[in-house]
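Reading through the structure tokens given below for one structure.
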Amino acid sequence: MTIDLTEKEFRRLLDLVYIGNWILNSTRGDDRFEDYDLVQEKLFSLCAGQGMPTLIQRWRGHIFPSRAYEDGGIHEAIADYEDAVFFDILAEELARRDLGLVESDPEDFTELNARMDEYLDEFDRNGLNAVTVDL
């Protein structure tokens, strides 16, 4: 298979593969999806030949994204995504709880969406400062 990419497209593809592998494997410990690690390694192994040797490091015979790559803003993009997803999930879970929909879906999502929007507005204004947990 041959894919023709510009340098910019190749760099974007590196980001997409890294982010995808991070989402799939970053929390799995020793139970990683190794086939995704191998695809990432295969793609990053092309960096040196594409004039991007600073994006890789070698360790124990394998190629990994370098510290320079990881510190170059990719984790900020991942963190932005995680923040957005966190607040969306929290808003939905709290709205479902409030409406008694923990185990079911409503016939009409209007009320659920309205309640979620109230929570999202609150999170936009105050983050988690107004959230309390009674133990």
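Read the figures in this text as sums done on the coordinates, not as results from a lab. All values derive from a computational prediction rather than experimental measurement. No Cβ is skipped: glycine too gets one built from the backbone with ideal geometry, and neighbour counts run over all protein chains shown.
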Open item on the list: If you average the C-alpha positions of region 1-39 and of region 48-79 separately, how far apart do those two centres end up, in angstrom?
Closed with: 11 Å
Task: Residues with amide H under 5 Å from that of residue 57, placed H, sequence gap 5 or more - done: 64, 66
TODO: Go ahead and run the numbers for FRET between residue 71 and residue 1, Cβ-Cβ distance against an R0 of 22 Å, rounding to 0.05.
DONE: 0.10
